[in-house]
Amino acid sequence: MDFNDYFHIEVNTSLTGKELIFKELFQKYPDRNLCLPHNLDKVKDILEEAQKNSLDSFTEQFFHAHLIENSFFQNNSDTELYQHCRYLPAIWHSHSFFEIVCVVEGFCTNYIKNQQLYMKKGDICIIAPEISHAISAFSDECFIYNILLRSSTFEKAFFGTLEENDILSDFFARSLYHSPSHPYLYFQTGYDTEVFNYIGYAYHEFSRNRQYKNRMLNSIINAFFIILLRNHGNNVIVPELGNTEKSENLVFILRYIQEHFNTISLTELSKFFNYSERQIQRIIKDSTGLSFTENILRLKMKKAEKLLKNPDITISIIAEETGYSDSGTFRQAFKKYYGMTPQQYRNR
């Protein structure tokens with residue numbers, strides 16, 4: 001079997017028994033507007049009626065507005081994958097883990113706090129823990145995979161991919177953990193088959209009980225994030241910015257700082273991206289929480305910290321590698337940042 005065939009095998013847009021029941025209830029109670037977000041107590045009677053009419057096993061997850069890791073993930077697994085139930089009432093809910101919504105066919109509306117994301121085929125949305133959201137998927141043609149990851153697993157896989165890009169990693173972390181209004185990351189892949197093949201491969205592995213299943217799933221998820229960030233990291237949509245063009249500019253600015261922090265000045269950066277110095281200062285501060293100067297210093301110190309772990313590299317070479325004109329200036333900056341000299345840090 002060809003690797004690229006894994007995903008296409010799993011796509012079956014026929015409605016399941018539960019989905020047919022929910023569709024009937026949606027049509028039975030048009031005045032209830034079940035496609036719009038509701039608190040659980042407002043639609044609990046619909047869930048109970050669906051449970052009563054269903055011949056299949058009826059998941060208890062539908063009756064909980066908040067899910068926690070320890071009670072949700074099975075057999076100490078790190079990953080859960082399932083097809084979203086179409087025509088399920090759009091219920092406000094949250095959970096203590098990450099959710100990745102992947103639209104395979106059709107479209108849906110993803111309500112996150114007070115914003116609506118109209119997701120189409122190929123779109124992927126990463127939702128941070130403890131965030132109230134609701135998914136409205138009321139179409140036979142809609143097909144969505146939800147990937148649920150423990151927070152520790154997500155951080156290791158997603159941020160591990162960005163370990164050599166400190167400033168972009170900080171930016172994504174800030175968006176997911178510290179955004180006051182819309183803590184999510186939104187990728188419009190245009191149905192990138194390379195990305196979606198990994199989703200299909202993960203589902204194929206998840207649906208079987210094989211040896212080393214959890215480790216294999218973690219490896220697939222690692223690869224999924226690598227491909228997603230490699231192919232679409234530059235055009236991720238940032239909630240606060242509101243449009244793709246501004247998001248692209250921001251990610252390029254942050255990548256450019258990461259790659260040229262040894263030599264770049266604020267004046268050069270603003271000219272390169274055609275912003276005023278005041279504008280680009282505000283953009284950097286809003287997206288990372290640090291000023292341009294603070295970001296540059298942090299990147300230099302992080303690089304120095306890594307180089308100091310190699311005893312064969314002299315302090316003067318490390319000073320040069322981090323953009324300092326002499327080792328004395330570097331020692332002074334390092335001591336102010338870490339509270340000890342470079343040599344003391346190395347000895348420790």
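Read-outs: derived from the displayed coordinates by stated rules, not from any lab. Model, not experiment: these values are computed from the prediction. A quick note on method: Cβ atoms are made from the backbone with ideal geometry, for glycine too, and the neighbour counts reach across all protein chains shown.
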Ordering of 272-279, 81-88 by burial proxy (mean other Cβ atoms within 10 Å per residue, highest first): 81-88, 272-279
Extension reserve of the TRP92-ARG278 stretch, reckoned as 0.36 nm per residue once the Cα distance is removed: 63.0 nm
Principal axis dimensions, largest first and in whole angstrom, of region 294-347 by Cα: 28, 21, 18
Region 40-152, relative contact order [Cα under 8 Å, separation at least 6], %: 31 percent
Inter-probe distance in nm under a simple model that places probes 7 Å from Cα toward Cβ, at SER139 and MET340: 5.9 nm
Computed over the chain: relative contact order in percent, which uses C-alpha pairs under 8 Å that are six or more apart: 14 percent
Kirkwood hydrodynamic radius (C-alpha pairs) into Stokes-Einstein, region 83-203, 25 °C and 0.890 mPa s, D in µm²/s: 165 µm²/s
Theoretical ellipticity at 222 nm over the chain - DSSP helices of four or more residues, -39500 (n - 2.57) apiece, nearest 500: -14000 deg cm²/dmol
Choice from THR161, THR322, THR153 showing the highest fluctuation, given a GNM over the chain with Cα pairs closer than 10 Å: THR322
Region 294-347, relative contact order in percent, only Cα pairs under 8 angstrom and at least six apart counted: 30 percent
